[in-house]
1. Would a scan of region 16-27 turn up a residue that is of a type in the set (Phe, Trp, Tyr) and modelled with pLDDT of 80 or more?
2. Could you please find all residues in region 34-51 being under 16 Å from Thr78 (Cβ atoms) and either in a helix (DSSP H, G or I) or touching a Leu at 6+ places or on another chain (Cβ under 8 Å) (or both)?
3. Is there any pair with a first residue in region 123-143 that is closer than 24 Å to Gly58 by Cα and a second that is of a type outside the set (Gly, Ala, Ser) and surrounded by 10 or more Cβ atoms within 10 Å (Cβ to Cβ) whose Cβ atoms are under 8 Å apart and which are 6 or more apart or on different chains, and what are they?
4. For region 90-101, name all the residues that are in a helix (DSSP H, G or I) and surrounded by 13 or more Cβ atoms within 10 Å (Cβ to Cβ).
5. Yes or no: Glu113 in a helix (DSSP H, G or I), modelled with pLDDT of 90 or more, over 16 Å from the mean Cα position of the chain (by Cα) and in the same structural domain as Val77 (by TED's automatic domain parsing)?
6. If Lys79 passes every condition in (1) outside the structural domain of Gln35 (by TED's automatic domain parsing); (2) in contact (Cβ under 8 Å) with a residue 12 or more places away in the chain; (3) of a type outside the set (Gly, Ala, Ser) but one, which one does it miss?
7. For Lys79, indicate whether it is assigned to a helix (DSSP H, G or I), modelled with pLDDT of 95 or more and surrounded by fewer than 15 Cβ atoms within 10 Å (Cβ to Cβ).
8. Which members of region 89-141 meet the condition of being small (Gly, Ala, Ser) and over 22 Å from Val34 (Cα atoms)?
Amino acid sequence: MENVHELIRILVQRFGLLNASCCENCFGEGVSLVQSYILFEIRRAENPAMHQVAEALGIDITTFSRQIKSLENKSLVTKSPDPEDRRINILALTSEGKRITDQIDMRMNSYLEQLLSCFTEFEREVVIKSMKLLNKALFKSGMCCNIK
């Protein structure tokens, strides 16, 4: 059997997930990889509570709070008290946050299209189906964090 751990390590390394300044270098948007994930989760969840985003991404709340502060300082995110429970903070993207999220999304989709263009249609389908199966297995395993 192939050394799956080695294959995953190489994939993560080549995809740039270990590069702390990946988004800054690749897309020039001045946000880190973690910050881009936060922006995407805020957009996906449509004005979620702070703790919900932290849980969804598997980030401890202290680290997450620092990231949100940084995103607020860059005018990409707003944080406001929930009108029904003022102990809870609601997150929203600013217009600049939406623009940057859209830019990163567009560039990443273009990059992935280019990457997958090396495959036949059948191979693309196999790769995508395999990623879905791996994600499903990771979720079912209960190891680390169960991000959906």
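The values are calculated or read from the model by the stated rules, or taken from the named source; none is laboratory data. Remember, it's a predicted structure, so these values are computed and weren't measured experimentally. Please note: Cβ atoms are built from the backbone with ideal geometry, for glycine as well, and neighbour counts cover all protein chains shown.
1. No, region 16-27 contains no residue that is of a type in the set (Phe, Trp, Tyr) and modelled with pLDDT of 80 or more.
2. Gln35, Ile38, Leu39, Glu41, Ile42, Arg43, Ala45, Asn47, Pro48, Ala49, Met50, listed by residue number.
3. Going by the 8 Å Cβ cut-off, the qualifying pairs are Phe139/Asn146; Phe139/Ile147.
4. Scanning region 90-101 gives Gly97, Lys98, Arg99, Ile100, Thr101.
5. No, not satisfied.
6. Only one criterion is unmet by Lys79, namely (1).
7. no
8. Hits for region 89-141 are Ser117, Ser130, Ala137, Ser141.
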